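The values are calculated or read from the model by the stated rules, or taken from the named source; none is laboratory data. What you are looking at is a predicted structure, and each value in this text was computed from that prediction instead of being measured. Don't worry about glycine lacking a Cβ; one is built from the backbone with ideal geometry, like all the others, and counts go over all protein chains shown. These area figures cover heavy atoms from the full protein model, side chains too; ligands, DNA and RNA do not enter into them. Shrake-Rupley method; radii C 1.70, N 1.55, O 1.52, S 1.80 Å.
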Amino acid sequence: MCGIVGSIGKINTRKYLIDGLYSLDYRGYDSAGLAFLDSSNELKIFKAVGKVEVLDSIAPKEFESSIGIGHTRWATHGAPNETNCHPHVSSHKEIAIVHNGVIENYRALKTRLMGYGYSFESETDTEVIANLLEFNYRKNHDVLDGIRRTIDELEGSFALAIIVKDQPDRLYFMKRSSPLFIGLGDEYKLLASDAVPMIKYTNKFVDLKDDEYGYISKEEVALFKGYDKLEPEITHQSPEFLNRDLGDNPNYMIKEIQETPQVITRLIDNYFDGEKFLFNPKMIEAIKKSDDIIFIACGTSYHASLMGVKYMQYLGKRSEAYVASEWAYFPVFTSKKPLYILLSQSGETADLIRCQKIINSRGSINIAITNTKGSTIERNATFSCLLFSGLEIAVASTKVFSAQVCLLALLTGAIEKHTNVVTHLSVVTSALEKIIENKQDIENIASKIENASMIFFIGRGNDYIASMEASLKMKEISYMHCEAFAGGELKHGPIALVDKDTCLIAFNSDMSTNLALRNNVKEIEARGAKSFVISYSSFMKDDDAFLVDNVKSYLSTIVMVFVSQYLAYYVTLHKGLNIDKPRNLAKSVTVE
Ligand code: M6R
């Protein structure tokens, strides 16, 4: 799971590569590297362990070059050290490549190439591609033929930018399963894993499809699949949704949390015209006709899909949610007319892509709910609904969780033809605005829990779902040990863990469980733990830690999770950790 960039032609190569890598480091930040041909066509390579900042500091501040490639890495094969860092160069130094993806048959290929005298320095699967490309190129000194042969021999996923040393006027590429886009400028052409690095230079793109390969030059794009030459299909992207400006914010997470009210308003505008819902009628019909609505997702998106299950069950539909990495290997087919809803911020999550392949191979209808136009999951779905949330850059998903739940609520409203969901969502945005005003109170709670040895999050019903998401958010950025429990489950085991160093956060948005939940809190307090109740104001108690305005109960999760996002944010800020890029994680998880 990595990010790649490449450029050729009249452009500041260094600036494009380095800025591009900064914008792609959500895909991994274990190491970064770049390669370019200088004015004498010498291949220059710079590599750095760690974030793009390190590469930026060691690469020459200026260089004359009209062809270059760059890479930011999330380690899969081999430790994050300089040897394993991309770009990788073939044994005879003729080819340099950057790669995003995983080659499944790399061991067999490596053994074969070693038999032909090829040597390997790194532990990566990528170096195998560099050598295989060179081996195939050397057969008849035709790069395109060498790439075509290489594509046929590789098993797995790849997006590659390829410099061939004796062809400085062409930047080659090839792609399968991993995303790769071409950006079109008048006197330059660009490559990148997504459109973001290129949007400052162009709004014209070619979204490459599987097994396509070719080259870009200053003037042209040459595209092939197998032996066929293809006409590139040009698409346009709006810069508005690819904006990376931090503004006055110290980091992306806080920016993205605070954008949530606007995101909800924008989502309403995109799916409701003031009188009727704007979802594809065929999609709504398909949902109505199905006998089982199956949600599949990972992480935060999975938690949003748990709300989807509740909404579908409310409509009287059979519905369940699965974690993608489980369903991918243990799928269940118990209904005649299943319809699958796949939630993914990135639309590139490998576990979910595996599920979608199974679903498509059975000819089943699937709806992609994603924030990323043109992503693999969006492209391969029967229907898709975009979340229009703008880029989410912080690894911790915040505004997109709210957008996912909001979209599922709008969809439910559309199926039922109940437009009052729109009014209910407007009340949510006001409640969120008020939380933003009172965020200092959440920071005070953060100061009281940040030294706990363990945090329990509890709730019942929708608040239990909020607890699960709150716990994930807190652990992924603050590295604190957190657990989420349904309030009533504590006494069935977990309460044995509680001592005076435990903190409890309880979400309380449901009148029907208010008393029961408060009893659960008392049980924990009696064992010495500190507790903090986040409650609807209509059934508050004097010692509650934070109050939120009442919203319709089916939307309470958005509000409670919003509070928990601030809480995780402040705990992490106080600990001085990297909020946007927590250790060991990447924004887009494109490996299984
Ligand atoms: O892009 P996706 O929504 O498919 O990603 C799924 C998870 O990897 C993601 O939600 C992850 O759990 C987040 N880092 C949570 O904040």
Give the residues of segment 142-160 that are surrounded by fewer than 18 Cβ atoms within 10 Å (Cβ to Cβ) and either β-branched (Val, Ile, Thr) or modelled with pLDDT under 95 (or both), sorted by residue number.
Gly156
For segment 309-321, indicate whether the set of residues that are touching a Cys at 6+ places or on another chain (Cβ under 7 Å) and within 16 Å of the ligand (Cβ to nearest atom) is non-empty.
no
One residue is enough: does segment 162-176 have a residue meeting the conditions surrounded by fewer than 23 Cβ atoms within 10 Å (Cβ to Cβ), outside any strand (DSSP E or B) and within 31 Å of the chain's Cα centre (by Cα)?
no
Subset of segment 284-310, residues assigned to a helix (DSSP H, G or I) and either surrounded by fewer than 19 Cβ atoms within 10 Å (Cβ to Cβ) or of a type in the set (Lys, Arg) (or both), comes to Ile284, Glu285, Ala286, Lys288, Lys289, Lys310
If you go through segment 462-499 one residue at a time, how many are more than 21 Å from the chain's Cα centre (by Cα) and within 16 Å of the ligand (Cβ to nearest atom)?
4
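Would you kindly identify the helices (runs of 4 or more DSSP H) lying entirely within segment 436-544 that contain at least 1 residues that are among the small types (Gly, Ala, Ser), closer than 24 Å to Thr398 by Cα and at pLDDT 95 or above?
Once the helices (runs of 4 or more DSSP H) in segment 436-544 are filtered for at least 1 residues that are among the small types (Gly, Ala, Ser), closer than 24 Å to Thr398 by Cα and at pLDDT 95 or above, what remains is 439-449, 462-478.
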If you scan segment 181-240, which residues turn out to be within 27 Å of Gly146 (Cβ to Cβ), part of a strand (DSSP E or B) and of a type in the set (Lys, Arg)?
Lys189, Lys225, Lys229
Output the qualifying pairs, or none if there are none: Cβ atoms under 9 angstrom, residues six or more apart or on different chains, first residue in segment 186-205 and under 21 Å from Asp25 (Cβ atoms), second residue open to solvent by 20 Å² or more (accessible area, probe 1.4 Å) and of a type in the set (Lys, Arg).
Ala195/Lys373; Val196/Arg244; Ile199/Arg244
For segment 71-100, which residues satisfy the criterion of being of a type in the set (Asp, Glu) and at pLDDT below 90?
Glu82
Segment 476-532, residues that are open to solvent by less than 50 Å² (accessible area, probe 1.4 Å) and of a type in the set (Lys, Arg):
Arg518
Only unsatisfied item for Arg362, checking (1) more than 9 Å from the ligand (Cβ to nearest atom); (2) in contact with a helix residue (DSSP H, G or I) (Cβ under 7 Å, 6 or more places away or on another chain), is (2)
Hey, does segment 543-552 have a residue that's closer than 25 Å to Tyr314 by Cβ and of a type in the set (D, E, K, R)?
yes
Taking only pairs six or more apart or across chains, which ones have beta-carbon atoms under 7 Å, a first residue in segment 337-354 that is charged (D, E, K, R), and a second residue that is within 7 Å of the ligand (Cβ to nearest atom)?
Glu348/Ser588; Asp351/Cys298
Any residue in segment 400-412 that is within 11 Å of the ligand (Cβ to nearest atom), in contact with a helix residue (DSSP H, G or I) (Cβ under 9 Å, 6 or more places away or on another chain), over 24 Å from Gly274 (Cβ atoms) and modelled with pLDDT under 95?
no
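When the residues of segment 193-203 are filtered to those that are more than 15 Å from Lys373 (Cβ to Cβ) and not β-branched (Val, Ile, Thr), which remaining residue is modelled with the lowest pLDDT?
Lys200
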Among the residues in segment 545-559, are any in the same structural domain as Gly459 (by TED's automatic domain parsing), buried (at least 17 other Cβ atoms within 10 Å of the Cβ), within 20 Å of the chain's Cα centre (by Cα) and of a type outside the set (Asp, Glu)?
yes
Could you tell me how many of the residues in segment 322-350 are of a type in the set (Ser, Thr, Tyr) and either within 16 Å of the ligand (Cβ to nearest atom) or outside the structural domain of Val400 (by TED's automatic domain parsing) (or both)?
6
